[in-house]
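This report refers to the structure that appears directly beneath it.
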Amino acid sequence: MAKLQEILRLQENIESVILGKTEAVRQAIIALLAGGHVLLEDVPGVGKTVLARTIARSLGCSFSRIQLTPDLLPTDILGVSIYDARSGQFSFKRGPIFANIVLADEINRTTPRTQSALLEAMNESQVSMDGQTYRLGPPFMVIATQNPFQFEGTYFLPENQLDRFMLRIRMGYPDRQAERRILEEQPSRNRLESLPQAMDSPTLQALQQRVVSVRVDGLIMDYVIAIAQATRLEEQLALGLSPRGALALVQAAKAAALFEGRQYVVPDDVKQLVKPVVAHRVVTKALTQDSGQAAEAILDKILQATAAPQ
């Protein structure tokens, strides 16, 4: 089936800046359609920040960037109540979390205390301060970037924080042809500022509602459950996939179906998203320099051993 014109236009707009990263762009749009958050993980300089800024400009949404550092406090993200001597009352000054697209840059360079300030916002789309609750969005999406943990000055993200990200996307280095274009055209510098809007907020919210109505056959549900249970029984994993992770896999698969122009999920929608949705949610028993790659290898084995519905 043909892709919806709105989604195709958004994809082409983003890829006019992000060259040679079709799969990373596809996964980011899937997370956006599913109403999820994204963790972009890779070495510095491969376009993680540019991808976040390009998505925001393509949607015409409000955008804020939080540069996370070891001395950042939760109030620097959420906001703070300030006393007004003239009125004798406190007024809440909103922090950078109050935007449609929030870039949390280098999230693993800040302390766990500050990382935890994002939990309520990401899970409930709201901020609670001084007995008051403030809604975020819609739409609301956190795009966090993370350098590999073995880099100096980085912290581990706790499991409950990682579980809030629907997808972990690895950008990777561009291929030879794409890197040649990047060097010649510098698209992130030249095109980003003049990038046109490809989709507005009401259209995005309408598409997100369509994702909800995408049909998931009972056999597909059984397939997701079988994968989840296999991770919990896997001897090489200390922590398997949680029910919230299984729900995220179903939601992402529904968004992937809509991305392809379908109103129903097929097994390949699930297969293609198992690693980006599940790998950062499971914990390997063996501590390696890159536990993410080890988890992906285990998931490959599980997928090979789990029969997909025909």
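Couple of notes before you dig in:
- Condition check for Gly47: surrounded by 22 or more Cβ atoms within 10 Å (Cβ to Cβ), more than 20 Å from Ala206 (Cβ to Cβ), at pLDDT below 85 and not assigned by TED's automatic domain parsing to the domain that holds Phe259: yes
- With respect to the conditions (1) touching a residue at least 60 places away in the same chain (Cβ under 8 Å); (2) surrounded by fewer than 19 Cβ atoms within 10 Å (Cβ to Cβ); (3) in a helix (DSSP H, G or I), Asp268 lacks only one, and its number is (1).
- The residue that is modelled with the lowest pLDDT, among those in segment 83-116 that are hydrophobic (A, V, I, L, M, F, W, C) and under 21 Å from Asp163 (Cα atoms), is Ile107.
- Every pair of residues 6+ apart whose Cβ atoms lie under 7 Å, when the first sits in segment 62-82 and is closer than 30 Å to Pro202 by Cα while the second is surrounded by 14 or more Cβ atoms within 10 Å (Cβ to Cβ) and of a type in the set (Phe, Trp, Tyr): Gly79/Phe92
- Matching residues in segment 23-73 - criterion: being of a type in the set (D, E, K, R), closer than 28 Å to Leu258 by Cα and in contact with a Pro (Cβ under 8 Å, 6 or more places away or on another chain): Glu41, Asp42
- Conditions (1) within 30 Å of Ser194 (Cβ to Cβ); (2) without any contact (Cβ under 8 Å) to a residue 12 or more places away in the chain; (3) of a type in the set (D, E, K, R); number of the one not met by Glu124: (1)
- Any hit, segment 31-40, residues being more than 11 Å from the chain's Cα centre (by Cα) and not in a helix (DSSP H, G or I): no
- Residue under evaluation Asp42, criteria (1) closer than 16 Å to Asp105 by Cβ; (2) out of contact with any Gly (no Cβ under 7 Å at 6 or more places or on another chain), criterion not met: (2)
- Checking Gly153, Gly137 one by one, the residue that is closer than 26 Å to Gln208 by Cα, at pLDDT below 80 and in the same structural domain as Arg170 (by TED's automatic domain parsing) is Gly137 and no other.
- Meets criteria (closer than 27 Å to Arg281 by Cα, in contact (Cβ under 8 Å) with a residue 24 or more places away in the chain and among the basic types (Lys, Arg)) for Arg191: no
- Qualifying position, being out of contact with any Cys (no Cβ under 7 Å at 6 or more places or on another chain) and within 20 Å of His37 (Cβ to Cβ), among Val265, Val274: Val274
- Taking the conditions (1) part of a strand (DSSP E or B); (2) in contact with a helix residue (DSSP H, G or I) (Cβ under 9 Å, 6 or more places away or on another chain); (3) of a type outside the set (Asp, Glu); (4) more than 19 Å from Gly35 (Cβ to Cβ) in turn, Asn108 satisfies each one other than (1).
- Unique match (being among the polar types (S, T, N, Q), in a loop (DSSP other than H, G, I, E, B) and in the same structural domain as Leu167 (by TED's automatic domain parsing)) among Thr75, Thr54, Thr69: Thr69
The values are calculated or read from the model by the stated rules, or taken from the named source; none is laboratory data. Quick caveat: nothing in here was measured; it's all calculated off a predicted structure. With ideal geometry, Cβ positions are generated from the backbone for all residues, glycine too; neighbour counts draw on all protein chains shown.
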